[in-house]
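Okay, so here's the structure we're looking at.
The values are calculated or read from the model by the stated rules, or taken from the named source; none is laboratory data. Please read all numbers here as calculations on a predicted model, not as lab measurements. Cβ placement follows ideal geometry from the backbone for every residue including glycine, while neighbour counts extend to all protein chains displayed.
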Amino acid sequence: MAIPYFLQPILQKDQHIFGLFIFVLILKLNECHLPDPPVFSTVQHYPSICYLPPDSGLCKTTVSHEDIGNNNDPEQGYPLFASQASDRKRRENQLITRYYFDVATEQCYPFGAQNCGGNENRFESLVECQTRCRLTKEQP
């Protein structure tokens with residue numbers, strides 16, 4: 001085994017010191033091993049419906065001229081008068097209290113919802129919102 005040039009003066013002076021140096025060097029090299037791989041815990045997440053923004057999928061809020069001007073209801077297939085169109089739109093636009101889950105704060109909040117439109121992040125009660133939007137562990 002060839003001894004590096006910078007260690008030769010130590011070896012020539014005292015072999016015991018050189019042996020001790022090599023011993024300490026080997027101990028230090030053994031301490032410098034790679035760390036163990038990381039261990040990831042099971043990922044926790046909320047049910048997918050709890051991630052939907054509460055304002056997505058809202059219905060129209062005004063009576064359009066087409067509803068009144070054409071005098072027909074495309075959904076029902078019969079004539080629709082102006083007063084009926086505005087009554088229907090008024091019913092659709094009435095706000096009812098519903099609850100949505102906010103992922104950032106991990107809380108349920110009330111909001112005014114319409115009878116049409118919306119998404120699944122819209123619960124009838126605070127208890128239902130809190131029950132449905134709990135953290136669950138993903139199975140590996």
Looking only at segment 99-120, count every residue that is surrounded by 14 or more Cβ atoms within 10 Å (Cβ to Cβ), at pLDDT 90 or above and assigned to a loop (DSSP other than H, G, I, E, B) and tell me the total. 0
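For segment 50-64, give me each residue that is closer than 16 Å to Gln107 by Cβ and either at pLDDT below 65 or out of contact with any Cys (no Cβ under 8 Å at 6 or more places or on another chain) (or both).
In the first step, residues of segment 50-64 are kept if they are closer than 16 Å to Gln107 by Cβ; the result is 50-54.
Scanning segment 50-64 gives Tyr51, Leu52, Pro53, Pro54.
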